[in-house]
Each structure stands twice: as C-alpha cells, then as structure tokens.
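The values are calculated or read from the model by the stated rules, or taken from the named source; none is laboratory data. These figures come from a predicted structure and were not determined experimentally. Quick reminder, even Gly has a Cβ in these numbers, built from the backbone with ideal geometry, and neighbours come from all protein chains shown. Accessible surface is based on the protein model in full, side chains and every heavy atom, while ligands, DNA and RNA are left aside. Shrake-Rupley method; radii C 1.70, N 1.55, O 1.52, S 1.80 Å.
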Amino acid sequence: MNDIVSPVLSSSLWESWVDPVSGITSHVLAGRRAPIQQSFYFVNASFSGDGRHLWFYGAFPPGGTANDGRCLGVADFAASEVRVYPETQFLDGSPMVDAETGEAYWASGPRIWKRGPGAGDVCVKVNELPAELVRDRRPWRVATHLTFSADRKWLNLDATLGRETHVGRAPVNGGPVEIWDTLHAGFDHGQFSPTDPDLQLIAQDSYVDPVTGKHHESDNRLWLIRRGERARPIYTAGNTGQAVQAHSVHHDKDSVVLSDGPRMHGHEWWAADGRTVWFVHYGRGVKRVGVDGMGEELLWPLEFASHAHCDRTGELVVADAQPPHRRDYSKVRFLNRRTGREVDIVSHMPHPGEDIRRYHVHPHPQFTLGDRFICYTTMVRGRVDVALTSVDELVAATSYSNSRSR
C-alpha cells in the first residue's frame, strides 16, 4: 500500500463494512456532523492532493434539495476531525476541490466562492455573473459542476436563468466573464476538456419550463462547445433503433420506454487524454466515442447502468446499476478491463425513503486521489454516508487467480 493510501484508511474517522456477497471492504465515514453526508458528483474529485482532506456534501432535512440548501463538510485525517461549514450553501452539484491547495469552490446565487479546509479559513469571492446577464433574477444554477480549464485560468459556466442557459467561462482572477453561447434551459453538466482550455463538454437534458411547468425531453444528449463557435452535438444524426427500458432518464420515477440512440445517452465524462467522451447508454452499458462522433465503442455491456466512471487509463471502470422496475435497491460494481472480470463493491444498496430522495443520493461512484480509491455514497447502514474502497483490493479481487470475480 502506498504512502497516501495507508494513512487515509488507518484514520479513526472510518468504519469498515464488508459486502456479505463479494467480500469487498468499504470504509464508511464514521465521523458525522450532518444527518446526510454525500460524496461529490462523480466528475468532481473531492480529495486534496496530499490525501489529508476529503470534502463532502452535507444536508439537514427537511431543509434543502439537490438544487440548493446543502452545504460543504470536510474530513481532516491529520486532525481526526469532521467539520461542516454552513456558510458554504451551494447551488446544484457545483462544488469542486483544487487538489493543489485543498480549497473547495462552489456557486451560490450569481457568485462563485472558495474557502480552505481549515476551521479558521474564510470564504473568498472568486467571480460572479455580470449584472446585465442576471438582471435581478435568481439563477437556477451558475455551473452544474465547476471544473478548471486545462491551464487552470478559468472556471466553466452553464448558468441557467429563466428559460436560457448561458455557456462560457469565468476567470479565476476575478476578470470579466465570457459567454460563448446561449441555449435553452435544458443544457447542463458542462465540463472543461482536460487538455484544451477552449473546449467544453455539455449535455442536453430534460427540463421543466420555469413558467409553465411543462416537461421537455432531450433528444441528443452529448454536445461540445468551442470558444468562438456555437455548440454542436457529437452525434449529428439520430438513431431510431429498438426501444429499451430506461430507469435513469427520470432519476426517481418509474422506468419509461424511449427510442434508442442519442436521447438514451447520459452521465458523461471526459477521458483523461481529452480525445474521447465516456457515457452511459441506458439499457446497453458504458460506451465511449471520439470527440468527432466517430469510433463509438461499447466497453461494458452493463444493461442497467445508471452512472459510471473510469480511471485515467480507461482500463478500470466503476458503475452503479439498478435492475428494471426495482426502486428498492441498486448495485455498485467494478470492472477490470485488463482481465474482463467484475466484482460488486455493494451487491445490495438499499434506496432511501421518499423524504430523502430529493437530495439526489445516488451512489455516483468515482475514481479519486490518483485512482487509489473509489469514493461513493452509501446507504448500507440505513443512512446516507460517504464511503471509500481501495482500488488495490478491487484489482486483486478481479485478477485471473481470484475466484471472487466473475
């Protein structure tokens, strides 16, 4: 075990939980300062680079929702403390962590803020949407998930106000905000390319009209936008293949039948080299495609995958999956593409009650801290907790010589 993994897992802030079917160990954050403690959305890692601090979402029912009212907490493994900062209430899943400094960034109202993990650290305004864009309105979001540009000079924006989403970037030095394109309110999940500071991935999503309440479905999920150009879809022609059952199109509603193809894509993320985009094709599995829309590959035929993530090599993959017509549980599963073997991290993840679902407490597993861990949200103890699993253990469990995998 390397010099970061061992100190993190040996902290008194963790309690071990072993899946009764697979035998895989998860480390559940035992230190609690909020009734609900969630891992970050899967595209945003939450560890400081030195492994000392792990940030998480905190919620205090009945207050708040997945859109607003949650705040940030941090586990400090050197001090053996868990702290929650109520002044960090954020919009959507905007928080991200700067691995170099350990600071957390988040959006609140029309502004972007940051603060360090220490108890005595203060909030610092990073930037804000221009007044002529906001026009005294309350933003639905500033950025679904904040990300740094490849040169670390900018933060992405997919700011939704009223019936419009304004895609662009905000400089971290507080300079003028740039708007690249204005789209309808259904665009979200913007993410800077990890290699190109002038390119962003953005999703066309289903949404509710803020005035009429009418539901609008998306028909082509994956889009790119380059500075100085209009947004364009990765898939330029629709696919009218067979209909499939899809649970995750509406996160907590019954399964629906939709036409297969680009409207069945979701929960996307960049490959580390910036050349391909990974995504879940509902009803089929985990795929990737070139930024030119060519070379689509089905890498993991996991039929009921909801969310997924990969390590920097693309050889290790994790997903949460829910069987059709089952709203009571899901799985968290790991794939070692080197051996073709899989193992469950959690073989039976109970779902929370109706009063907790508004916080969007899906597992959202992600590789983190240099791919040493998988971090996810767990409900195995009857409450919403943050959990870690060692990637070394998962790789060993899916080796050719191990009988636990399949």
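Rounded to the nearest 0.05, what FRET efficiency do VAL208 and SER12 give with R0 = 51 Å and r taken as the Cβ-Cβ distance? Could you check?
So, using R0 = 51 Å, E works out to roughly 0.70.
Ignoring any ligand, DNA or RNA, what whole percent of the accessible area of the range 152-196 comes from carbon and sulfur when the probe is 1.4 angstrom?
50 percent
What's the tally of Lys pairs in the chain whose alpha-carbon atoms lie under 27 angstrom apart, where the two lysines are 8 or more places apart or on different chains?
7
Based on the alpha-carbon set only, what is the convex hull volume of the chain divided per residue, in Å³?
Per residue, the Cα convex hull of the chain comes to 135 Å³.
Enumerate the calculated ³J(HN,Hα) couplings along the range 362-373 in order (Karplus 6.51 cos²θ - 1.76 cosθ + 1.60, θ = phi - 60°), each rounded to whole Hz, writing x wherever the residue is Gly or Pro.
Residue by residue, the range 362-373 yields 5, x, 6, x, 8, 6, 8, 6, x, 6, 7, 10 Hz.
For the range 361-406 and the range 5-48, what is the centre-to-centre distance using only Cα atoms, to the nearest Å?
Measuring centre to centre over Cα atoms gives 9 Å.
Build a GNM of the chain with springs between Cα atoms under 10 Å: which of CYS71, CYS123, CYS310 gets the top mean-square fluctuation?
Evaluated over the chain, the most mobile residue of the options is CYS123.
If you take the square roots of the eigenvalues of the alpha-carbon gyration tensor of the range 156-197 and sort them as a ≥ b ≥ c, do you get rounded (a/c under 1.5), prolate (a/b over b/c) or oblate?
It is oblate, given that a/c is not under 1.5 and a/b is not larger than b/c.
Mean-square fluctuation check for the chain, GNM, Cα pairs under 10 Å: which of GLU354, GLU229, GLU217 is largest?
Of the options given, GLU354 has the highest mean-square fluctuation.
If the elastic network links every pair of Cα atoms under 10 Å, which of GLY382, GLY186, GLY102 fluctuates the most in the Gaussian network model of the chain?
Sorting by GNM fluctuation, first place goes to GLY382.
Got a sec to turn the phi values of the range 286-293 into Karplus ³J(HN,Hα) couplings, 6.51 cos²θ - 1.76 cosθ + 1.60 with θ = phi - 60°, whole Hz, x for Gly and Pro?
Residue by residue, the range 286-293 yields 9, 10, 9, 8, x, 5, 8, x Hz.
Quick one: what are the phi-derived ³J(HN,Hα) couplings along the range 383-390, Karplus 6.51/-1.76/1.60 with θ = phi - 60°, whole Hz, x for glycine and proline?
Those phi angles translate into 8, 8, 10, 8, 9, 10, 10, 6 Hz.
Can you list the residues, at least 5 places off or on another chain, whose amide H is less than 5 Å from the amide H of TYR329, using H built in the peptide plane?
HN-HN under 5 Å from TYR329: HIS351.
Report the full-extension gain for the segment GLU303 to TYR400: residue separation times 0.36 nm, less the Cα-Cα distance, to one decimal in nm.
Extra length available between GLU303 and TYR400 comes to 32.5 nm.
Express in nm, to one decimal, how much length is gained between ARG232 and SER347 on full extension, taking 0.36 nm for each residue of separation and deducting their alpha carbon distance.
37.5 nm
TRP14's amide H: which non-local residues (gap 5+, or another chain) put their own amide H closer than 5 Å, with H modeled 1.01 Å from N in plane and none for Pro or chain starts?
ALA30
Taking amide hydrogens as modeled 1.01 Å from N in the peptide plane, which residues meet the under 5 Å criterion relative to GLY69, leaving out close sequence neighbours?
Residues meeting the criterion, in which the H sits 1.01 Å from N, are PHE90.
Could you work out Rg/(2.2 N^0.38 Å) for the range 65-142, with Rg from alpha carbons only?
Ratio of Cα Rg to 2.2 N^0.38 Å: 1.17.
For the range 106-206, what does the accessible surface come to per residue with a 1.4 Å probe? Please give it in Å².
38 Å²
Across the range 68-223, how large is the tail of the calculated P(r) beyond 29 Å, expressed as a percent of all Cα pairs? The partial results should precede the final answer.
Details: 2333 of 12090 pairs.
When every Cα pair of the range 68-223 is considered, 19 percent fall beyond 29 Å.
Counting helices only, and only those DSSP H runs with n ≥ 4, report the 222 nm mean residue ellipticity of the chain as the sum of -39,500 (n - 2.57) divided by its residues, in deg cm²/dmol to the nearest 500.
Result for the chain: -1000 deg cm²/dmol, rounded to the nearest 500.
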